[in-house]
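Pasting a structure below so you can have a look.
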Amino acid sequence: MLVVNAVSVGLEVGSRILADGLLSEQARFWVDAHRQVRESFVPNYKFCRIPVRSGLVIPRWRYWLACIDSPDSDLVDLLEFGWPLGYTSDQVPVSCNKNHSGALTFDEATD
């Protein structure tokens, strides 16, 4: 997940900001990708189609789903380009170090 915070020296993406206040090449890529998808007003897998990093071999997924004539062909697009999160708030989410009470109440189920 990419969380972008505005700071006085520019943009900070996690710990990807360099000592001189410039973003690393990777961070610039993801900030630009986020901008493109946000400006398109549709999920990435439907328009911009910027691949997300994963260890999945997407061509094999496409091949095998086609071999079995799967009705779930959209699944590969979601694996390759990511799921829409449905987050529509104007507020940027913040990290929280506190566990949800259900994680503590049912700890044996969350291992």
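How many residues are in contact (Cβ under 8 Å) with a residue 12 or more places away in the chain and either part of a helix (DSSP H, G or I) or in contact with a Cys (Cβ under 6 Å, 6 or more places away or on another chain) (or both) when one looks only at segment 28-45?
8
Can I ask one more? Among the residues of segment 69-101, which ones are modelled with pLDDT under 85, out of contact with any Pro (no Cβ under 8 Å at 6 or more places or on another chain), closer than 20 Å to VAL37 by Cβ and not charged (D, E, K, R)?
Answer for segment 69-101, where residues must be modelled with pLDDT under 85, out of contact with any Pro (no Cβ under 8 Å at 6 or more places or on another chain), closer than 20 Å to VAL37 by Cβ and not charged (D, E, K, R): LEU85, GLY86, THR88, SER89, GLN91, VAL92, PRO93.
Here's a follow-up. If THR110 passes every condition in (1) at pLDDT 75 or above; (2) touching a helix residue (DSSP H, G or I) at 6+ places or on another chain (Cβ under 7 Å) but one, which one does it miss?
Here THR110 meets the rest and fails (1).
Any idea which of ARG53, ARG16, ARG35, ARG28 is modelled with pLDDT of 90 or more and among the charged types (D, E, K, R)?
Of ARG53, ARG16, ARG35, ARG28, the one residue that is modelled with pLDDT of 90 or more and among the charged types (D, E, K, R) is ARG35.
Let me ask another. Hey, could you check segment 69-111 for residues that are among the aromatic types (Phe, Trp, Tyr) and touching a Phe, Trp or Tyr at 6+ places or on another chain (Cβ under 9 Å) and say which is surrounded by the most Cβ atoms within 10 Å (Cβ to Cβ)?
PHE81
Right, next: Checking the structure you have, find out if any residue of segment 58-68 is outside any helix (DSSP H, G or I), more than 18 Å from the chain's Cα centre (by Cα), loosely packed, with under 11 Cβ neighbours inside 10 Å and modelled with pLDDT under 90. Walk me through it before giving the result.
Initial filter on segment 58-68 (outside any helix (DSSP H, G or I)): 68.
Filter once more, keeping what is more than 18 Å from the chain's Cα centre (by Cα): 68.
Pick out the ones that are also loosely packed, with under 11 Cβ neighbours inside 10 Å and you get 68.
From the residues that got through so far, the ones that are modelled with pLDDT under 90 too are none.
No, that holds for no residue.
The values are calculated or read from the model by the stated rules, or taken from the named source; none is laboratory data. Keep in mind that this is a model prediction, so the values were computed, not measured. Here the Cβ is made from the backbone with ideal geometry for all residues, glycine too, and neighbour counts use every protein chain on show.
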